[in-house]
There are 4 protein chains.
Amino acid sequence: MSFNTFGQLFRVTTYGESHGIALGCVIDGCPPRLPVSEAMIQGFLDRRKPGQSRFTTQRREPDQVRILSGVMADETTGELVTTGTPINLMIENVDQRSKDYGEIKDRYRPGHADYAYDVKYGLRDYRGGGRSSARETASRVAAGAIARQVLPGVTIRGALVQMGPHRIDRTRWDWGAVDNNPFFCPDPVMAEFFETYLDDIRKAGSSIGAVIEVVAEGVPPGLGAPIYGKLDGDLAAAMMSINAVKGVEIGDGFAAAELGGEENADEMRMGNDGKLLFLSNHAGGILGGISTGQPVVVRFAVKPTSSILQTRRTVDRYGHDADIITKGRHDPCVGIRAVPVGEAMMACVLADHLLRHRGQVGTPVEWPFRK
Amino acid sequence: MSFNTFGQLFRVTTYGESHGIALGCVIDGCPPRLPVSEAMIQGFLDRRKPGQSRFTTQRREPDQVRILSGVMADETTGELVTTGTPINLMIENVDQRSKDYGEIKDRYRPGHADYAYDVKYGLRDYRGGGRSSARETASRVAAGAIARQVLPGVTIRGALVQMGPHRIDRTRWDWGAVDNNPFFCPDPVMAEFFETYLDDIRKAGSSIGAVIEVVAEGVPPGLGAPIYGKLDGDLAAAMMSINAVKGVEIGDGFAAAELGGEENADEMRMGNDGKLLFLSNHAGGILGGISTGQPVVVRFAVKPTSSILQTRRTVDRYGHDADIITKGRHDPCVGIRAVPVGEAMMACVLADHLLRHRGQVGTPVEWPFRK
Amino acid sequence: MSFNTFGQLFRVTTYGESHGIALGCVIDGCPPRLPVSEAMIQGFLDRRKPGQSRFTTQRREPDQVRILSGVMADETTGELVTTGTPINLMIENVDQRSKDYGEIKDRYRPGHADYAYDVKYGLRDYRGGGRSSARETASRVAAGAIARQVLPGVTIRGALVQMGPHRIDRTRWDWGAVDNNPFFCPDPVMAEFFETYLDDIRKAGSSIGAVIEVVAEGVPPGLGAPIYGKLDGDLAAAMMSINAVKGVEIGDGFAAAELGGEENADEMRMGNDGKLLFLSNHAGGILGGISTGQPVVVRFAVKPTSSILQTRRTVDRYGHDADIITKGRHDPCVGIRAVPVGEAMMACVLADHLLRHRGQVGTPVEWPFRK
Amino acid sequence: MSFNTFGQLFRVTTYGESHGIALGCVIDGCPPRLPVSEAMIQGFLDRRKPGQSRFTTQRREPDQVRILSGVMADETTGELVTTGTPINLMIENVDQRSKDYGEIKDRYRPGHADYAYDVKYGLRDYRGGGRSSARETASRVAAGAIARQVLPGVTIRGALVQMGPHRIDRTRWDWGAVDNNPFFCPDPVMAEFFETYLDDIRKAGSSIGAVIEVVAEGVPPGLGAPIYGKLDGDLAAAMMSINAVKGVEIGDGFAAAELGGEENADEMRMGNDGKLLFLSNHAGGILGGISTGQPVVVRFAVKPTSSILQTRRTVDRYGHDADIITKGRHDPCVGIRAVPVGEAMMACVLADHLLRHRGQVGTPVEWPFRK
């Protein structure tokens, strides 16, 4: 990861600002002959798209993706496939409301990157947050759609597991429920509760944080390049790079700090199928930075949206104290739309590591136990 | 970060295994004319060195560092300075106890990387964990000592803030206490408690997890390269790459998920010195992936040592169920020695970002507010 | 350089195919607050644009560039400046003649990348050469325009110095002549000769090779990162990556192999201005991979256009012998249009190295001789 | 390539100076389970070793390599194999003659990197040229020995094809002759001539340049990652990074500039074995940056050794004009010992590209022609 590119072999470079002409990504290093289509990518973008419920920003962006390069029609089937060259996925901005930015143009919004960008670059794009806007994550979701094509047999799903102090009940976990509520919540009971809870927050002009969990099943063992290309290291960087994320954990995460060695280490036994079987998954599917074949489990904490309808103390670019209220169209819980983004980052990291493993060692193989 | 190298401009490549001939690192891209010495580096290595109390492994390694390249005597002062070329810091292994590895040679230790390395590479270095041993972290500490030279005016300090379920009382935080107990604990009261607590765990042949906090003060604003070279993203990857780490958080971290927007966003006011003043530091000194000038605060969770003196279920390389007890010289709380390692990773990441910022933008400057 | 990205700090990623929707580049890591405009970039693109004389392909492409991201209006002057975020420069394809590709779709054109792409990727974009078309170099020229903004005080100029076996007379070198003939030739006499010479070749349906020289003056000393980021190493890779280039030399290049040590090594004396003065420039401005302050001189050989109107022997994708004539709109001497491309690559490499030097060492300084 | 590391997946980082404690390399990303041994590496180092004839420097360095990490005994055969972790190959310096460096300490040797390093870093290691010494190339040769293990079926051989203005007669090319003369010359007649020729130069205290050719046979088709990871681009950078190299060409190289399209483009026919057959190899085995299966042919020009026993004009660090004679132990034709170095760089680049291809596309396959 560096500047605006992530990945070593499956490389994604994103570009574009919240209120510019267009945003998107260039995916480089993608294997050839993988089927892709704008419709397939659009399906993932639509899950992240704003304005789908009253719990997300009311900005009206169709987020329509165009594939500008890197594909061609397969000569036998006629369907689009990748060619191995850079794939540019572009999304034109449509609803850049031409409002007066006067207030935030000169005042730093607390919790936002306004001051940080200004102090770093000596200027900042104040229009909707510019490059630091969460709109950038649409590019990631588009890239993630391509990454999934690199990962046949891998299932990647995300869910909201906590909003404010309220956690879901894991015994009620139902992946089927996730797309049946506006929160990507796998616990139908809590989903109902969140409806009222978040409505109150929204009406109060406030916002709230959340915790998201992403699980990848069917990940082949052996992915991860120790010591500084560990799978969990790259996942941590990937998730932490999502807007507003302040913490990442793998498997038991911070709870592991409270455990003794006998509870934490996952024991093993031979399964009936002659394969190695872990008796638990405290490790979240990763040991020594390498996937073990168990589900890879990542959680990340999203801070509350910093744009709220309450007066906050700040300063302006002229060095004066000032007050600010961030009007506009904002998510009361920006963590919700981070679910498809987290899934996409998981897909990109896994695709990259699959190619990296294949490069160094070859196609992942079954456990090489000796007979 | 990729394979065994981390950093873009201040690049550290580590090499070596637990029971090989030598381990160490090659530091590339270091600015020239910085004063360095083996004694200076040794000071940091000695803090991490095993065998200093009954709470760390009894392996006797002097961890004596040698500078093999990249330095020369300054022609006026006669003291060693960097030349801008690769600095190889080598530590020879001394106490590779020539024991019988029969038991762990064929059996995968639960919680360790044994199975993962074997399934990835088709073989593994079973001697003391080989490359996946925490001995590798000595290389990081040596690199961190050089990195600190790149960061004049920056103070980097780490502390153990939780052991098992027991957290320190932050009102008693005393940096001066950290080096006065074998736990790097800033709370003298809890340090005393941990003495008994960990002794019991050690005698029971068990182990326990911990949480470490690292704080960097004096970090210039503007460090961090959004979007995929964010300072917090790189810190997350750096800390997650340390052995046994399962979670990383910046500032409030996971607690931010429980906050509302008005509590979480740090307000600003003009200070008496004409500089911008944040009224709180929930953000941990980073907004939009860029340092703000506030202290950079990172915490990470370390799982309990997986090597314990209790029988655990596992399988062997021949596909048979087996039992295993990991005898040997182990830390009952491997989190303790992660403190100097976390400091070193913080130093390396900040040094790298300082150079990266200087490359793109120039020497960090004060807040460019307009008059 | 890797895949479709080059540069470490000033990073350019190009995308797009000859007959796709659009092509262009994403420039990442560019310093902020540099003035840019579409008109400025267009000026450079127009020099490379096809169809400007009968000596270049008659394809009609306006090569109109659009800046999609990474810029905003400066708040005081109102002019566009860079923001430090990714700059996407897009050129839409217009004249994709919808011809029948039947012939070349299945037959490999000798000298082209047809077979190589097919054997690598298992498919190839036969429409105008796809990604391997020289149209890709428009992206480089656009990037070079931005790179020049990073290099105030540096003058980069290219010229055609040989066509077929005919070399220019260096005593007649006149930079002013370069833009007064369709060959970028600095020798007006030879330019006149080339007019007839190339006309004959063109009419015969043949093509011819060329040698291009690019000179950068005003390059600060100290640029170049030994050992594997040497300035000449990066220039060699950059020039060799241009379509049809088969050789690169720095300074005297291959002629240096014929020299004795006393002729080759550039002697030094103190200049009247108190600065170090080289008495010759066999080295081409680079010693030990580092710029010396002398003009940086690079030459590269461009092979003749492989598309010619003469029957050639080849095979088809079905494993049959076949004959092929490559009809279409082609440059009789593709080396001509390589001149602005070579300049652009020089600009990009120098910009990158300026930032890299600034990162490691700081702003380039005068010779630090002691008093 | 960046700083002191080259390669993307097969990564080599070199360290060490001419007169430091040790030099060597860390090879990262090497596939596991490849057989290696110090004796095998030593064989290649001995070809490059100084002091083997009166035509190379008389410095007495045994260049004894030690494998410090990254290998272990295979459990069945007992022989050393790679483990997939970093391989540190170290060579200790022995013959650092403790001579008086007074003269060159303050004076810049013409043709050397003295001034360039000083102006870049503000200091320089004057002891034997420090990091810029050709001794660094021993590290490359050691790395190349490992790289060859990644390339079963590939034969890489180098030869000196020109010394001063004297070229070999290619009709007399005999690979068997290469190791039977002190010049790695494949033309026995010219080898005899060079003996007298170079002796005269040596006795005159002068030096001379050379051209080296390296040929790789058995390279699978498909290696090379367009556009900026082209095989020829990476080879150009690799060869240009060798000390004293001023030009690189692929296949016909600069001669291609003199050809017409019908002569230059290699025609194809189906071979009797049902495989595609090129009728010539002007391209040097690379089209569009991708290997075609033909022999990969690279040539590079080496300038004459700059250290000669003749008085040269220079300046000193105090800004005074001065004269200098570079006494010491030097090669009269440094191009000779560049032969094994060029082979090693070829091996490293090909190994890297084989892994990169495998990562993106999979194991190289035969031409996928359709039936």
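Out of the stretch A:2-20, which residues are within 17 Å of the chain's Cα centre (by Cα) and aromatic (Phe, Trp, Tyr)?
A:Phe6, A:Phe10, A:Tyr15
Looking at the structure I just gave you, is A:Gln52 touching a residue at least 40 places away in the same chain (Cβ under 8 Å), in a loop (DSSP other than H, G, I, E, B), open to solvent by 30 Å² or more (accessible area, probe 1.4 Å) and under 25 Å from A:Leu151 (Cα atoms)?
Details: touching a residue at least 40 places away in the same chain (Cβ under 8 Å): yes; in a loop (DSSP other than H, G, I, E, B): yes; open to solvent by 30 Å² or more (accessible area, probe 1.4 Å): yes; under 25 Å from A:Leu151 (Cα atoms): no.
It is false that A:Gln52 is touching a residue at least 40 places away in the same chain (Cβ under 8 Å), in a loop (DSSP other than H, G, I, E, B), open to solvent by 30 Å² or more (accessible area, probe 1.4 Å) and under 25 Å from A:Leu151 (Cα atoms).
Out of curiosity, is D:Ile324 facing another protein chain (nearest Cβ under 10 Å), under 30 Å from C:Ile308 (Cα atoms), open to solvent by less than 10 Å² (accessible area, probe 1.4 Å) and among the aliphatic types (A, V, I, L, M)? If you could, list the steps in order and put the result at the bottom.
On the way: facing another protein chain (nearest Cβ under 10 Å): yes; under 30 Å from C:Ile308 (Cα atoms): no; open to solvent by less than 10 Å² (accessible area, probe 1.4 Å): yes; among the aliphatic types (A, V, I, L, M): yes.
So D:Ile324 does not fit the description; no.
What is the residue count in the stretch C:157-212 for residues that are open to solvent by 60 Å² or more (accessible area, probe 1.4 Å), closer than 22 Å to C:Met345 by Cα and touching a Pro at 6+ places or on another chain (Cβ under 7 Å)?
Residues meeting the conditions: 1.
Kindly indicate which of A:Val215, A:Val248 is part of a strand (DSSP E or B), facing chain B (nearest Cβ under 7 Å) and of a type outside the set (Lys, Arg). So that I can check it myself, show each step before the final result.
Values: A:Val215 fails: facing chain B (nearest Cβ under 7 Å).
So the residue among A:Val215, A:Val248 that is part of a strand (DSSP E or B), facing chain B (nearest Cβ under 7 Å) and of a type outside the set (Lys, Arg) is A:Val248.
Taking D:Ile27 as meeting all but one of (1) more than 7 Å from chain B (Cβ to nearest Cβ); (2) open to solvent by less than 10 Å² (accessible area, probe 1.4 Å); (3) under 15 Å from D:Ser132 (Cα atoms), write down the number of the exception.
With respect to (1) more than 7 Å from chain B (Cβ to nearest Cβ); (2) open to solvent by less than 10 Å² (accessible area, probe 1.4 Å); (3) under 15 Å from D:Ser132 (Cα atoms), D:Ile27 is out only on (3).
Restricting attention to the stretch D:327-371, which residues are more than 14 Å from chain A (Cβ to nearest Cβ) and either under 25 Å from D:Thr311 (Cβ atoms) or free of Cβ contacts under 8 Å to residues at least 24 places away in the same chain (or both)?
Result: D:Lys327, D:Gly328, D:Arg329, D:His330, D:Asp331, D:Pro332, D:Cys333, D:Val334, D:Gly335.
Residue check: is D:Glu258 farther than 16 Å from D:Pro221 by Cα and within 7 Å of chain C (Cβ to nearest Cβ)? Outline the logic, then answer.
On the way: farther than 16 Å from D:Pro221 by Cα: yes; within 7 Å of chain C (Cβ to nearest Cβ): yes.
Answer is yes for this residue.
Scan A:Gln294, A:Gln310 and give me the residue that is farther than 30 Å from B:Leu287 by Cβ and either of a type outside the set (A, V, I, L, M) or within 11 Å of chain B (Cβ to nearest Cβ) (or both). So that I can check it myself, show each step before the final result.
Numbers: A:Gln310 fails: farther than 30 Å from B:Leu287 by Cβ.
Of the residues listed, the single one that is farther than 30 Å from B:Leu287 by Cβ and either of a type outside the set (A, V, I, L, M) or within 11 Å of chain B (Cβ to nearest Cβ) (or both) is A:Gln294.
From C:Gly122, C:Gly128, grab the single residue that is more than 30 Å from B:Asp28 (Cβ to Cβ), without any contact (Cβ under 8 Å) to a residue 24 or more places away in the chain and open to solvent by 10 Å² or more (accessible area, probe 1.4 Å). Please lay out each step first, then the result.
Values: C:Gly128 fails: without any contact (Cβ under 8 Å) to a residue 24 or more places away in the chain.
Of C:Gly122, C:Gly128, the one residue that is more than 30 Å from B:Asp28 (Cβ to Cβ), without any contact (Cβ under 8 Å) to a residue 24 or more places away in the chain and open to solvent by 10 Å² or more (accessible area, probe 1.4 Å) is C:Gly122.
Could you list, in sequence order, the residues of the stretch B:213-224 that are open to solvent by 10 Å² or more (accessible area, probe 1.4 Å) and over 20 Å from the mean Cα position of the chain (by Cα)?
Across the stretch B:213-224, the qualifying residues are B:Pro220, B:Pro221.
Could you grab me the full set of residues in the stretch B:233-251 that are more than 17 Å from A:Gly289 (Cα to Cα) and open to solvent by 10 Å² or more (accessible area, probe 1.4 Å)?
Within the stretch B:233-251, just B:Glu249 meets the criteria.
Identify, please: which residue in the stretch A:1-49 is assigned to a loop (DSSP other than H, G, I, E, B) and hydroxyl-bearing (Ser, Thr, Tyr) and is, among those, farthest from A:Ser139 (Cα to Cα)?
Per the criteria, the residue is A:Ser37.
Condition check: in a loop (DSSP other than H, G, I, E, B), on the phi < 0 side of the Ramachandran plot, within 14 Å of chain B (Cβ to nearest Cβ) and at pLDDT 85 or above. Does A:Pro110 satisfy that?
Values: in a loop (DSSP other than H, G, I, E, B): yes; on the phi < 0 side of the Ramachandran plot: yes; within 14 Å of chain B (Cβ to nearest Cβ): yes; at pLDDT 85 or above: yes.
So A:Pro110 fits the description; yes.
Condition check ((1) open to solvent by less than 20 Å² (accessible area, probe 1.4 Å); (2) touching a Phe, Trp or Tyr at 6+ places or on another chain (Cβ under 7 Å)) across all residues:
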| site | (1), (2) |
| --- | --- |
| A:Thr56 | yes, no |
| A:Arg66 | no, no |
| A:Ala73 | no, no |
| A:Thr83 | yes, yes |
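Go through (1) under 19 Å from the mean Cα position of the chain (by Cα); (2) at the interface with another protein chain (Cβ under 7 Å from one of its Cβ atoms) for D:Glu267 and report which single condition fails.
It fails just one condition, (1).
Among the candidates D:Leu276, D:Leu223, which residue alone is farther than 15 Å from D:Leu160 by Cα and more than 7 Å from chain C (Cβ to nearest Cβ)?
On the way: D:Leu276 fails: more than 7 Å from chain C (Cβ to nearest Cβ).
Within the list D:Leu276, D:Leu223, the selection yields D:Leu223.
Tell me, yes or no, whether the stretch C:254-264 has at least one residue that is open to solvent by less than 40 Å² (accessible area, probe 1.4 Å), of a type in the set (Phe, Trp, Tyr) and in a strand (DSSP E or B).
The initial filter retains those residues of the stretch C:254-264 that are open to solvent by less than 40 Å² (accessible area, probe 1.4 Å), namely C:254, C:256-257, C:259-261, C:264.
Right, trim to of a type in the set (Phe, Trp, Tyr) and you get C:254.
From the residues that got through so far, the ones that are in a strand (DSSP E or B) too are none.
The answer is no, given that none of the residues of the stretch C:254-264 is open to solvent by less than 40 Å² (accessible area, probe 1.4 Å), of a type in the set (Phe, Trp, Tyr) and in a strand (DSSP E or B).
For the stretch D:275-289, name all the residues that are within 22 Å of C:His320 (Cα to Cα) and outside any strand (DSSP E or B).
D:Lys275, D:Leu279, D:Ser280, D:Asn281, D:Gly285
Looking only at residues in the stretch C:113-172 that are out of contact with any strand residue (DSSP E or B) (no Cβ under 7 Å at 6 or more places or on another chain), of a type in the set (A, V, I, L, M, F, W, C) and not in a loop (DSSP other than H, G, I, E, B), which one is farthest from the other protein chains (Cβ to nearest Cβ)?
C:Ala145
Being assigned to a loop (DSSP other than H, G, I, E, B), touching a strand residue (DSSP E or B) at 6+ places or on another chain (Cβ under 9 Å) and facing another protein chain (nearest Cβ under 9 Å) is the filter here; which residues of the stretch D:55-83 pass it?
D:Leu68, D:Ser69, D:Gly70, D:Asp74, D:Thr83
Among the candidates B:Arg299, B:Arg337, B:Arg313, B:Arg317, single out the residue that is of a type in the set (Lys, Arg) and open to solvent by less than 20 Å² (accessible area, probe 1.4 Å). Working first, answer last.
On the way: B:Arg299 fails: open to solvent by less than 20 Å² (accessible area, probe 1.4 Å); B:Arg337 fails: open to solvent by less than 20 Å² (accessible area, probe 1.4 Å); B:Arg313 fails: open to solvent by less than 20 Å² (accessible area, probe 1.4 Å).
Being of a type in the set (Lys, Arg) and open to solvent by less than 20 Å² (accessible area, probe 1.4 Å) holds for just one of B:Arg299, B:Arg337, B:Arg313, B:Arg317, which is B:Arg317.
Got at least one residue in the stretch B:324-345 being within 23 Å of A:Gly122 (Cα to Cα) and assigned to a loop (DSSP other than H, G, I, E, B)? Before you say what the answer is, go through the steps one by one.
Applying the first criterion (within 23 Å of A:Gly122 (Cα to Cα)) to the stretch B:324-345 yields none.
No, because not a single residue in the stretch B:324-345 is within 23 Å of A:Gly122 (Cα to Cα) and assigned to a loop (DSSP other than H, G, I, E, B).
A quick yes/no check of all residues on (1) of a type outside the set (Lys, Arg); (2) farther than 30 Å from A:Leu198 by Cα; (3) modelled with pLDDT of 95 or more:
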{"position": "A:Gln42", "(1), (2), (3)": "yes, no, yes"}
{"position": "A:Gln52", "(1), (2), (3)": "yes, no, no"}
{"position": "A:Leu89", "(1), (2), (3)": "yes, yes, yes"}
{"position": "A:Ser139", "(1), (2), (3)": "yes, no, yes"}
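The values are calculated or read from the model by the stated rules, or taken from the named source; none is laboratory data. It should be emphasised that the depicted structure is a prediction, and the values quoted were computed from it without experimental measurement. Please note: Cβ atoms are built from the backbone with ideal geometry, for glycine as well, and neighbour counts cover all protein chains shown. All accessible areas refer to the heavy atoms of the entire protein, side chains included, with ligands and DNA or RNA removed. Shrake-Rupley method; radii C 1.70, N 1.55, O 1.52, S 1.80 Å.
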